[in-house]
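Comments concern the structure below.
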Amino acid sequence: MGSTAAQADTSTKTQGSTTAIVVTALALFSMFFGAGNLIFPPMIAVQAGDNFWPAILGFLGTGALLPLLAVIAIVLSGANVRDLAQRAGTVFGVVFPILAYLSIGAFYALPRTGAVSMETAITPLFGVEGIVASAIFNIIFFGIALALSWNPNTIMEKLGKFLTPALLILLVVMIVVALTKWTASPSEPAEEFAARPFTEGLLQGYLTMDSIAALAFSIVVISTLRFRGFQEGPALVRGTIYAGAGAGLLLALIYLGLGTVGRIIPNPAQYDNGAALLSDASNLTLGTAGQIIFALIVLLACMTTAVGLITATAEYFSEQFPGSYKTWAIIFTIMSTLIATQGLEFVMAIAAPVIGFLYPPAIALIFVTLIEPLFRSRTRFTWAFFLPIWVAVIWSAIETAISLGWAADVLTPLVAWAPLQDAGLGWVVPVAVAFVIGLAIDLARPKAPLKLGTVETVEGEHVNA
């Protein structure tokens, strides 16, 4: 009798855990999936033409796989972004997380959700535009987002159980109808996709900003699963990885579907942006109902992302600086409303240099964190953390200065020699070399002494004493 009851209790807990992971995965997908994620894949298909597959696979590498790796890096490290970044030095540990959260928050990704919603959903459907209309819409849009994010402990349930399923249903309807009506008629690839389609796809995946966002969203995922009863240790790590994998798989499938729509739409060469392409695709397949569906997709995609960004940024700033979660949520909502009202071009002009600067050190941070467990029994990374990340920071700073026209004649020769520089990936080889040098130094030194309050097990793991 007792055994039966215990088995039933275990079964109930397992079902509850599975449900929590599924809901969290759906919510995480919706937090990642904003307007940029919607419009990039079909345009990649148009520009890549016959080189669709290498281009879209490159996009999946940075648009779906890299965010998953960022989630895994955070949960395996057991640290938040600031604690993890601190290992590359105090300056990096303070400055990088602030820039990362501001770039995915009030300075770019958050106001972009409102600006894109206005310009790609509201204006085409209702014909309203201008600063007054934009202000009214953004006040309503961000007011709803703030209300949905008011309680961070229930955010995953709100997104995962309600908003995300609605978004997925609308996306699937649009993709399936397009697939049943058209057949592939790819054009010649554009110049950049003709020469290096995979690399160009990788670079386009950068623009989603999901790899940086994943560093922030991971804490929300971990907090939610902990709130749902997942115990610290292997259970919480597994639950977070499963949720991240589910979100990454959904991203990949939707990207492939949207990319296919761009590949098969009649006369794809006429389009110069993904929003217009998908709007026409919806109209051609379903008429006025299709336009409404597309507007709802944009609004839902932007809303779910806005809610996730408000939650993540407000949680981080309330932990690191004076002020409550709700105070910071209000501050970021007001800032985003003001910036979004100025329009999408204004938002992009603010953000472009910051995005370009952040990505190389962010990717270096993710990969060094993932590699470290392989050497945990032999050493704890010190120089293997510090050197590659700072090489990425310096390289990225030089490239950002060049892009802004600051001393470009002097700075360009400093980076022009690197392999892949023409493809925008010149930082990869110097960072890899710096990592190898740092790893060699760490392996040559005696193992770093343990911090006070920890003991080391036979396997080399650290546990609280």
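The values are calculated or read from the model by the stated rules, or taken from the named source; none is laboratory data. Bear in mind the structure is a predicted one, so any value in this text is a computation, not a measurement. Cβ atoms come from the backbone with ideal geometry, glycine included; neighbour counts cover every protein chain shown. Remember, those area values only see protein heavy atoms, side chains included, never the ligands or the DNA or RNA. Shrake-Rupley method; radii C 1.70, N 1.55, O 1.52, S 1.80 Å.
Here are a few things to note about the model shown:
- Using C-alpha pairs below 8 Å separated by at least 6 residues, the relative contact order for the chain is 28 percent.
- Here the accessible area of the chain is 68 percent carbon and sulfur, with a 1.4 angstrom probe and all protein chains present.
- Placing unit charges on the Cβ atoms of the charged side chains and taking the dipole of the chain about its Cα centre, the candidate lying farthest along the positive direction among L28, G233, T313 is G233.
- Measuring between their Cα centroids, region 207-276 and region 128-174 lie 17 Å from each other.
- Calculation over all alpha carbon pairs of region 226-355 in 10 angstrom steps from 0 returns a P(r) of 10, 24, 32, 23, 10, 1 percent.
- Taking the Cα centre of region 262-378 as origin and assigning +1 to Lys and Arg Cβ atoms and -1 to Asp and Glu Cβ atoms, the resulting dipole is close to 300 debye.
- Annotated for the chain: lysine pairs at least 8 residues apart or interchain, Cα distance under 26 Å, count 4.
- In the context of the full set of protein chains, residues of the chain present 43 Å² of accessible surface per residue (probe radius 1.4 Å, heavy atoms only).
- The residue list A432, I144, L278 was ranked by how far each Cα lies along the charge dipole of the chain toward its positive end, using unit charges on Cβ atoms, and I144 comes out on top.
- Kyte-Doolittle mean at least 0.0, axial Cα span of 30 Å or more - DSSP H helices of the chain: 2-32, 234-264, 274-320, 344-371
- With the charge dipole of the chain set up from +1 on Lys and Arg Cβ and -1 on Asp and Glu Cβ about the Cα centre, the Cα lying farthest toward the positive end among the listed residues P353, I366, L296 is that of I366.
- The accessible area of V177, taken with all protein chains in place and a 1.4 Å probe, comes to roughly 30 Å².
- Each Lys and Arg contributes +1 and each Asp and Glu -1, all at the Cβ; summed about the Cα centre of region 17-359, the dipole is approximately 880 debye.
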